[in-house]
1. Could you order the peptides 399-410, 235-246 from most to least packed, using the average number of other C-beta atoms within 10 Å per residue?
2. Put a dot 7 Å past each Cα toward the Cβ at residue 151 and residue 329; how far apart are the dots in nm?
3. Provide the gained length on full extension for the span residue 277 to residue 226, in nm with one decimal, where the gain is 0.36 nm per separating residue minus the Cα-Cα distance.
4. As a footprinting exposure proxy, order 414, 121, 376, 279 by other Cβ within 10 Å, with the fewest listed first.
5. Suppose each label sits 7 Å from its Cα in the direction of the beta carbon; what would the residue 383-residue 303 distance come out to in nanometres?
6. What is the stretch 137-176 by shape, rounded, prolate or oblate, if you read a ≥ b ≥ c off the alpha carbon gyration tensor as root eigenvalues and call it rounded for a/c under 1.5, prolate for a/b larger than b/c, and oblate otherwise?
7. For semi-axes √(5λ) of the Cα gyration tensor in Å, several values are listed as (1) 37, 26, 21; (2) 39, 30, 20; (3) 61, 25, 21; flag the one computed from this structure.
8. Express in nm, to one decimal, how much length is gained between residue 310 and residue 339 on full extension, taking 0.36 nm for each residue of separation and deducting their alpha carbon distance.
């Protein structure tokens, strides 16, 4: 960015000093033309999967320049980004890319969850603006670190929960702010995720099955060193704590975003959970603490906010378990989204707000009041630009600069997305604590952490179970710690 500004200022000052008349760029290049000196130099870390649309949308139909692509395997879906940006240089290691390509202004990061934090930290240390897929980090400590580093380095950030830019959220916000539903004290959030293998035994390593095109060591990144394990790359890593963050990490930043944003929530004060069990032997539930459970119920408790004057209890259920159908909503109507698969219910003393998942699915906001009145948003949304312009708005803010109007108007800069990610990941801390056990004198096991966990958000620690605090961070492989 600074180099672009310098180029523009140099041209401007030179023109004034020489008396040369400058022809407007739109005359030289046509309507919509962007001079090379005004283009952002973009790079992608993770160029396949969601990274395909992230870097494509950030390029704004070629308005910005994509100079480099990084991926651990360009033979898969990442090849689509290579085809779209044939002039971009290719790298397998983002550290090498960022150290060599000094002119990169901003990067999109669309890797597995465990690499989000280290990659973003490395980029921001080098004064790069970052767009990071949700959740922005694999653990709470990393989220706090990135939030602080963004302010220190004065870089523009955005988390990839694109529904945060959905204009229909203003309808939900108005229902809350105007008191239409009254005092909100209860929120129900649910999803049909996981839709990948979860709650089962980790596949066995088998180095002979590793694709020749995959750099497995770089894929592991900060995770512990192990031989290639099939059925993790490119997607099923989500169900394993070393790499993924489960159903919460997949859609929690879309779903929990709605109440967190509209109710002005802060850190939760407590968390508790229970999880589903799988029995392959009578009376003995399978125990796979290295992986996420097949289903879970999380309860997070929040203090009252300016938006709602009473304490708020938020419950999250995954694995296809959804809350009871409220009487106020007609029995034949969906709750949340289509077929009630995902959704949010915000329950007040005057009525209920029902919405869908807040990604690129229709938000479907519905207001049901106990006096019989209703108000519905559209079932089908118009989307004049991809993903509500979430990536494009970030790019515009990068060009406008840190603390610019464009930056302040971003819906998921890390000042917001950091605390929200921490809240989402609190659910995973509760799940992992729930699985802690120690052998007892009878040869069995005591699951000693199955209790309500009291959370000191400002200091990032559980105050009534020290053993749970191991999940605030992670163990890093040598050379990857942040």
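Read-outs throughout are calculated quantities, based only on the coordinates presented, and are distinct from any laboratory measurement. Quick caveat, the model's predicted, so the values are computed rather than measured. Heads up, the Cβs are rebuilt from the backbone with ideal geometry, glycines too, and the neighbour counts pull from every protein chain shown.
1. Most protected by this proxy first, the peptides run 235-246, 399-410.
2. 3.7
3. Extending this stretch completely gives an extra 15.6 nm.
4. Going from sparsest to densest Cβ surroundings: 279, 376, 121, 414.
5. The answer from the label model is 3.8 nm.
6. It is prolate, given that a/c is not under 1.5 and a/b is the larger ratio.
7. It is the value labelled (2).
8. Extra length from residue 310 to residue 339 when fully extended: 7.3 nm.
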